[in-house]
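For reference, the structure is listed below as structure tokens.
The values are calculated or read from the model by the stated rules, or taken from the named source; none is laboratory data. Just so you know, these numbers come straight off a predicted model, no measurement behind them. Cβ: placed from backbone, ideal geometry, glycine included. Neighbour counts: every protein chain shown. Areas reflect the complete protein model, heavy atoms only, side chains present, ligands, DNA and RNA absent. Shrake-Rupley method; radii C 1.70, N 1.55, O 1.52, S 1.80 Å.
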Amino acid sequence: QVQLVESGGGLVQPGGSLRLSCAASGSIFGIDGMGWYRQAPGNQRELVAYIISGGSTNYADSVKGRFSISRDNAKSTVYLQMNSLKPEDTAVYYCNMVIRYTNYWGQGTQVTVSS
């Protein structure tokens, strides 16, 4: 059984920074892809950033240049460094990992950007 545990969300002022972490535990035998999605009230869940096993990354246009995704394979952990945060970044952020062709999701962590 694989579990993903997220941390690092919270309230931040516009222009501020947050770092999200997501650690996988359980029966882990090779993580293919790791990513972050977000869902704001009334909106569909959308991709924020993704990183595959080879290190290639993909970002939503709205976060390019402000967010950075990275992974620590030894710790089965993915990070999302979020800088220059805007009110429109407010959402619940979900961690996603693809392990042996199976999708796993974290429970979500709230990020609120407000003055």
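Data for the structure
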{"item": "Efficiency of FRET from Cβ geometry, A60 and D32, R₀ 25 Å, rounded to 0.05", "result": "0.80"}
{"item": "Solvent-accessible area per residue for the range 49-115 (1.4 angstrom probe, square angstrom)", "result": "52 Å²"}
{"item": "Contact order normalised by residue count of the chain, Cα under 8 Å, 6+ apart, percent", "result": "37 percent"}
{"item": "Residue-level accessible surface for E88, protein heavy atoms, 1.4 Å, Å²", "result": "120 Å²"}
{"item": "Shape parameters for the range 59-115, alpha-carbon atoms, Rg then Dmax in Å", "result": "13.0, 42"}
{"item": "Solvent-accessible area, 1.4 Å probe, carbon plus sulfur percent, for the chain", "result": "46 percent"}
{"item": "Sites excluded, trypsin sites (Lys or Arg not before Pro) in DSSP loops with at most 14 other C-beta within 10 Å, longest stretch of the chain", "result": "1-63"}
{"item": "Debye intensity ratio in log₁₀ form over the Cα atoms of the chain, taken at each q of 0.13, 0.21, 0.22 Å⁻¹", "result": "-0.45, -1.12, -1.22"}
